[in-house]
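Shown next, in structure tokens, is the structure this report addresses.
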Amino acid sequence: MCGIVGYLGNGNAYDVLIKGLHRLEYRGYDSAGIALVAPDGKLNVFKAKGKVENLETICNDKDTDASVGIAHTRWATHGEPSDCNAHPHYSEDGNLALVHNGTIENYKLLKDALEEHGCKFHSETDTEVLVQLIEYIKINNKCSLLEAVREALHQVVGAYAIAVVEKNDPDTIIAARQSSPLVIGIGDDETFLASDASPFVEYTKDAVYLNDGEIAVIKRNEPLKVLNLENRESKIDVKTLEMSISQLEKGGYPSFMLKEIFEQPTTLRECIRGRVVENGKRVIISGVRDHKEKFLNAKRIVIVACGTSWHAALIGKYLIQEMCHIAVEVEYASEFRYSNPVLGKDDIVIALSQSGETADTLAAVKIARSMGAFVFGISNAVGSSIPRETDSGAYIHVGPEIGVASTKAFTGQVMVLTMIAMAIADLRGTLTADEIAGLGKVILEMPELVEHVLKLNDKIERLSLIYTYARNFLYLGRGYNYPVALEGALKLKEISYIHAEGYPAAEMKHGPIALIDAEMPSVIVAPRDHLYEKIVSNVQQVKARGGSIIAIVTEGDSVIRNIADHVLEVPEVPECLSPIITSIPLQLLSYYIAINKGKDVDMPRNLAKSVTVE
Ligand code: F6R
């Protein structure tokens with residue numbers, strides 16, 4: 001939540017920063033702002049409520065000449081979205097400007113103390129406290145900006161990725177991180193910083209991921225220096241970015257969400273590549289293979305995640321229990337951390353997170369490790385916090401997901417969980433070689449099968465017109481497709497703002513059935529599987545109460561076709577692989593309903609992609 005970006009070099013800082021903010025807008029779009037140190041040493045700060053384009057409008061007639069600056073796109077936590085609460089925040093005397101992603105938990109205490117010393121505050125944010133504190137220390141201790149930042153960070157409790165610039169010093173940016181992501185890009189005679197590498201990937205592929213408790217000293221014509229809070233210099237570990245610029249653009253699609261839905265054949269291919277080999281006979285997940293003993297001896301697996309990732313985790317439970325015969329529990333990371341978890345060395349905790357930065361999931365990882373569990377991370381963002389804090393793991397390799405509503409990451413997560421379950425089952429002997437080969441063969445065909453499902457696009461677009469103005473939706477599914485129903489409902493509500501509830505189909509008769517009438521459409525995920533006969537009864541129960549039904553069925557289905565109002569046919573696959581196929585029509589349905597309603601699907605209201613606050 002919130003994106004920060006910084007630039008120091010010989011180019012036009014404003015252009016780099018604005019472009020960078022657009023790339024980070026998925027992290028929040030309540031307001032945006034920029035601080036530039038002009039060549040004459042003047043500190044120019046411009047801010048605007050709303051999206052980055054509002055900031056650009058404001059800056060049109062302003063002096064934006066500078067070769068150093070910092071910028072911010074906000075997801076509001078402390079204080080409503082407004083010009084005043086927008087970052088950068090500056091010190092009382094206008095000497096320092098600071099951008100911040102995270103939360104300063106003891107800001108009230110610090111604010112009271114600073115106010116007693118005569119400091120005046122202009123915003124409701126926790127961030128303003130930090131910049132005022134740095135300036136206060138700088139003046140009173142007569143020290144450098146670096147020393148003042150270090151001293152201030154000793155006093156704050158909370159999460160932060162920050163960048164600070166100083167008036168009259170166009171040659172320095174000081175940045176630091178604690179529990180919020182920060183990556184430095186090292187170019188030729190220019191240095192970048194950002195919440196992720198997307199703002200600078202076209203300028204350099206050399207990146208340094210800061211660790212918690214580290215401060216980066218970025219100085220003109222000097223190599224990057226990284227220090228810890230005790231002032232000891234850290235070794236600089238330069239990584240090569242794998243991200244490409246085309247992954248960050250819409251590539252001719254009207255939105256990132258639609259591009260990402262249509263990318264799924266490719267992203268699944270990337271996700272499978274090198275893991276399902278020898279025509280499907282073998283599945284290699286190195287993070288499992290390298291910790292064989294842990295997976296052989298595990299008594300229980302606990303999967304922690306949030307949102308869409310939690311839905312993928314539920315599918316993971318069905319997969320692992322079916323294939324590996326290990327008990328699996330799935331926990332909301334936000335609840336797990338406060339549920340007095342009981343874990344030990346025979347437990348494996350899987351942390352599932354697209355961004356790799358979700359604060360609750362990261363906190364769960366830390367708790368699990370402190371209790372001696374083996375922690376395995378599944379993430380998309382290379383170099384993010386969860387992969388760095390876990391004992392082992394696997395990337396889903398679906399490329400940057402920019403649309404706020406998760407689509408390709410969901411199918412990538414389910415695919416990785418399937419392969420992990422197969423790799424563990426192979427180790428423990430709970431699947432035979434023939435069973436693995438049978439599934440492996442279909443996995444290799446999944447990209448083509450998904451391509452086939454995407455041909456439903458036009459039909460779904462037409463169908464969406466009938467349902468655009470429904471006020472409520474019910475999504476039903478059973479077994480592997482119960483989490484798909486939950487995910488379908490979440491997709492609809494987050495981008496179209498239509499209320500939708502996902503339910504295990506059989507639970508309907510224990511309450512939700514009371515809601516059914518002609519105004520309440522039900523989306524029923526009912527491929528031909530071992531629960532098919534049972535879900536046919538659920539379909540009939542809805543129909544008997546006058547509800548209209550959109551059903552996702554297996555190609556050639558003749559029973560539900562005669563009951564439902566609309567059917568969307570998908571190819572037949574083994575039951576455990578069906579969520580990857582059945583979730584795609586639901587992504588498209590919510591997409592088109594939201595578009596028909598004129599909503600911004602890439603940046604739905606109140607949401608942000610990377611939830612780095614509790
Ligand atoms: C919904 C969505 C969110 C995320 C959730 C967890 O479309 O994207 O529900 O799934 O915020 O995010 P990650 O997976 O990054 O931990």
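So, how do all the Cα-to-Cα distances of the chain break down into 10 Å bins, in percent, from 0 on up?
Answer for the chain: a P(r) of 3, 17, 25, 24, 17, 10, 4, 0, 0 percent.
For the residue pair Asp61 and Arg428, what label-to-label distance in nm results when each label sits 7 Å from Cα along the Cα-to-beta-carbon direction?
The two pseudo-label positions are separated by 6.9 nm.
Please identify the helices of the chain, taking whole runs of DSSP H, that span at least 20 Å along their own axis as judged from the Cα atoms and have a mean Kyte-Doolittle score of 0.5 or higher.
Working: long enough: 127-141 (21 Å, 0.41); 307-324 (25 Å, 0.33); 408-428 (30 Å, 1.12); 433-453 (29 Å, 0.55); 482-496 (21 Å, 0.32); 578-596 (28 Å, 1.04).
Span-like helices here: 408-428, 433-453, 578-596.
Whose amide H sits under 5 Å from the amide H of Val304, counting only residues 5 or more places off or on another chain, with H placed in the peptide plane?
Those lying under 5 Å, H to H, from Val304 are Glu331, Ile350, Ala351, Leu352.
Can you give the calculated 222 nm mean residue ellipticity of the chain, where each DSSP H run of n ≥ 4 adds -39,500 (n - 2.57) and the sum is split over every residue, rounded to the nearest 500 deg cm²/dmol?
My calculation for the chain gives -11000 deg cm²/dmol from helical runs alone.
Which percentage, to the nearest 5, of the DSSP beta bridges contained in the chain is antiparallel? Each step should come with its number before you reach the end.
Numbers: 61 of 103 bridges.
Among the beta bridges of the chain, antiparallel pairing accounts for roughly 60 percent.
Return the carbon/sulfur percentage of the accessible area of the chain, one whole number, probe 1.4 Å, all protein chains in place.
Details: 11180 of 23210 Å².
About 48 percent, which is the carbon plus sulfur part of the accessible surface.
Quickly rank 231-240, 405-414, 306-315 as a protection proxy: mean count of other C-beta atoms within 10 Å, highest first. All intermediate terms of the calculation are to be shown ahead of the outcome.
Details: 231-240: 10.6, 405-414: 28.8, 306-315: 25.6.
Ranking, from highest mean packing down: 405-414, 306-315, 231-240.
By DSSP, what percent of the beta bridges with both residues in region 144-231 are antiparallel, rounded to the nearest 5? Display every interim value, and only then the final one.
On the way: 22 of 23 bridges.
Approximately 95 percent, going by the DSSP bridge assignments.
Counting only DSSP beta bridges with both residues in region 249-380, tell me the antiparallel percent, nearest 5.
On the way: 2 of 19 bridges.
Given both bridge residues lie in region 249-380, the antiparallel proportion sits at roughly 10 percent.
Counting only the heavy atoms of the protein chains, how much of Glu263 is accessible to a 1.4 Å probe, in Å² to the nearest 10?
Looks like 40 Å² after rounding.
If you roll a 1.4 Å probe over the heavy atoms of the protein chains, what accessible area per residue do you get for region 455-596, in Å²?
Values: 5220 Å² over 142 residues.
For region 455-596, the per-residue accessible area is 37 Å².
Find the accessible area per residue for region 1-44; the probe is 1.4 Å, ligands and nucleic acids are left out, and the unit is Å². Could the numbers behind the result be given before it?
On the way: 1090 Å² over 44 residues.
Roughly 25 Å² per residue, with all protein chains present.
Using Cα pairs closer than 8 Å and at least 6 residues apart in sequence, work out the relative contact order for the chain, in percent.
Working: 1447 pairs, mean separation 72.7, N = 614.
Relative contact order of the chain: 12 percent.
For the peptides 113-122, 342-351, 273-282, what is the packing order when you average, over each peptide's residues, the other Cβ atoms within 10 Å and list the highest mean first? All intermediate terms of the calculation are to be shown ahead of the outcome.
Numbers: 113-122: 12.3, 342-351: 19.6, 273-282: 14.8.
Ranked from most to least packed, the peptides come out as 342-351, 273-282, 113-122.
With a 1.4 Å probe and all protein chains in place, put Arg478, Arg428, Arg605, Arg471 in order of accessible area, largest first. Show your work: numbers first, answer last.
Working: Arg478 50, Arg428 70, Arg605 140, Arg471 190 Å².
Of Arg478, Arg428, Arg605, Arg471, the descending order of accessible area is Arg471, Arg605, Arg428, Arg478.
Could you list the trypsin sites (Lys or Arg not before Pro) in region 498-559 that lie in coil according to DSSP, counting only those with at most 16 other Cβ atoms within 10 Å of their Cβ?
Values: sites: Lys509, Arg528, Lys534, Lys543, Arg545; in loops: Arg528, Arg545.
For trypsin sites (Lys or Arg not before Pro) across region 498-559 that sit outside H, G, I, E and B with at most 16 neighbouring Cβ atoms in 10 Å, the list reads Arg545.
Please list 3J(HN,Hα) in residue order for region 40-48, calculated via the Karplus relation 6.51 cos²θ - 1.76 cosθ + 1.60 where θ = phi - 60°; whole Hz, with x for glycine and proline.
7, x, 6, 9, 9, 10, 10, 9, 8
Leaving out ligands and nucleic acids, and using a 1.4 Å probe, what accessible area per residue does region 302-401 come to in Å²?
On the way: 3160 Å² over 100 residues.
It amounts to 32 Å² per residue over region 302-401.
The values are calculated or read from the model by the stated rules, or taken from the named source; none is laboratory data. Nothing here was measured: the structure is a model prediction, and the numbers come from that model. Counting neighbours? That spans all protein chains shown, and the Cβs are built from the backbone with ideal geometry, glycine included. Just so you know, the surface numbers come from the protein's heavy atoms only, side chains and all, with ligands and any DNA or RNA stripped out. Shrake-Rupley method; radii C 1.70, N 1.55, O 1.52, S 1.80 Å.
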